[in-house]
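The values are calculated or read from the model by the stated rules, or taken from the named source; none is laboratory data. Just so we're clear, the structure is a prediction, and the values are computed from it rather than from any experiment. Note: ideal-geometry Cβ built from the backbone for every residue, glycine included; neighbour counts use all protein chains shown.
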Amino acid sequence: MVDMPTVTIRSWELRYQAVVPKRTASGHRVYTEEQVEDLKWLKKQVQENGIAVSQAVKMLQSKKGKESLLSKQTQSEPDSQFETQINELFQAVKRMDSLQCNFLFDLYFSQFHYKTVFFSIIVPLMYRVGDAWEKGELHVVKEHMISNLVLQRAMTFFNLFRTSDHLPKVMAICPEGEQHQLGLILFTLSLREQHYPVYYIGADTPLDGLSDLIQEKDIEIVAISTSRESDEPLIARYIETLQTENPKLKFIVGGLAVQQSKAEPPRWDVSPTDQNWLQTLSPVLSET
C-alpha cells in the first residue's frame, strides 16, 4: 500500500514513533487508514523533498496539532547539535574514503565522550547510511566499509574496560543470515563498561559448533540480536539446541525485531525502546 520496505517502517516506528499501530493478540500490527496516509506523506517528504525523517515526523505532528512524541534524546541528536559531524562522516562514506572516516573518528573521540560519539553521531549516521542503501543511493560496499570501521572502533573500546571474574560470562551473536550488528555492538559496549566479560562473535553466527565454544569458554549468558521478525523460529532453534547441551544457559534476545521487553526464563527479551533495559535484565545479569 505504501511501497516501502518493512524494515524502514519498523525503523520509523521504533526510532521516531512516526506511527504507532495497535496490535492483535498474536502481536501483528494493525494500521488505520489515517496511519497509512501518514506513512505515505512521510515517504513523500523524505524521498521527494529531501527532508530528514525526524524533521518530517515533527512536521506531521505539528500539522495534525499533536504534541511531539519524540523523546528529548531523539530531538537533540541527528538534526541539531551533531548534524555537522554526521554529515562529514556521511560524505566520507559516499566517497568511500576510509582514511577520512578514521580521521573524523579520531577527531570526534578526542572532542566528545565516547558514548556521545557512538549514540549521537554513529547511530544516526548508520541510520542515514541504511536509508541511502535502501533507496539505491549508496552501494552496499560502502555500507560494509563504514560498518567494519565502526566495529573496529567498538573493539578498541571493548578492550579498554577490565572485566570481572565475579560476573557471568556473556557471548554476543547475531543468528545465521543477520548482518546488522550495530545494536549488538552497543549492547556489548554497555556490558563491557560495567565489567562483564563479553565474547563478541557478531554477525551471521552459525549454530553448528557454537555449543562447543560455549562450553569451552564457560559461557553463562548468550545475547542474540536480530532485526528480522521472521527470525523467531530460528532464534527458538538456537535456544533449544544450545540449552539442550548447556542446560544452565540463559538467553537475552534483542534488536529491532523485538517488540516488547518480557521475561520467560531462560529467555529475556529486550525491546530497543526499553529505556530501563539494565533493570529489565537485572535478574539474569546478577545471577552467576
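For the stretch 131-145, does any single residue satisfy the condition of being under 27 Å from Val284 (Cα atoms) and either surrounded by 14 or more Cβ atoms within 10 Å (Cβ to Cβ) or not hydrophobic (A, V, I, L, M, F, W, C) (or both)?
No, every residue in the stretch 131-145 fails to be under 27 Å from Val284 (Cα atoms) and either surrounded by 14 or more Cβ atoms within 10 Å (Cβ to Cβ) or not hydrophobic (A, V, I, L, M, F, W, C) (or both).
Which condition breaks for Leu189 when tested against (1) in a helix (DSSP H, G or I); (2) at pLDDT below 95; (3) surrounded by fewer than 19 Cβ atoms within 10 Å (Cβ to Cβ)?
(3)
Out of Ile214, Ile221, Ile201, Ile185, report the one residue that is more than 25 Å from Met4 (Cβ to Cβ), in the same structural domain as Asp269 (by TED's automatic domain parsing) and touching a residue at least 60 places away in the same chain (Cβ under 8 Å).
Every option except Ile221 fails the conditions.
Looking at the stretch 206-216, is at least one residue closer than 19 Å to Leu184 by Cα and of a type outside the set (A, V, I, L, M)?
Yes, the stretch 206-216 contains a residue that is closer than 19 Å to Leu184 by Cα and of a type outside the set (A, V, I, L, M).
Name the helices (runs of 4 or more DSSP H) wholly inside the stretch 47-96 in which the number of residues that are at pLDDT below 85, among the hydroxyl-bearing types (Ser, Thr, Tyr) and more than 23 Å from the chain's Cα centre (by Cα) is 1 or more.
In the stretch 47-96, 53-63 are the helices (runs of 4 or more DSSP H) which contain 1 or more residues that are at pLDDT below 85, among the hydroxyl-bearing types (Ser, Thr, Tyr) and more than 23 Å from the chain's Cα centre (by Cα).
Quick one: how many residues across the stretch 235-266 are under 22 Å from the mean Cα position of the chain (by Cα), of a type in the set (A, V, I, L, M) and not in a loop (DSSP other than H, G, I, E, B)?
So the answer is 6.
Give the residue, chosen from Asp131, Asp106, that is in contact (Cβ under 8 Å) with a residue 60 or more places away in the chain and in a helix (DSSP H, G or I).
Asp131
Checking Thr24 against (1) surrounded by 12 or more Cβ atoms within 10 Å (Cβ to Cβ); (2) modelled with pLDDT under 80, only one condition comes out false. Which one?
(1)
Let me spell it out: the conditions are (1) part of a helix (DSSP H, G or I); (2) at pLDDT below 95; (3) touching a strand residue (DSSP E or B) at 6+ places or on another chain (Cβ under 7 Å), and Ile214 meets all of them except one. Which number is the exception?
(2)
When you go through Asp231, Asp269 one by one, which is the residue that is surrounded by 15 or more Cβ atoms within 10 Å (Cβ to Cβ) and in a helix (DSSP H, G or I)?
Being surrounded by 15 or more Cβ atoms within 10 Å (Cβ to Cβ) and in a helix (DSSP H, G or I) holds for just one of Asp231, Asp269, which is Asp231.
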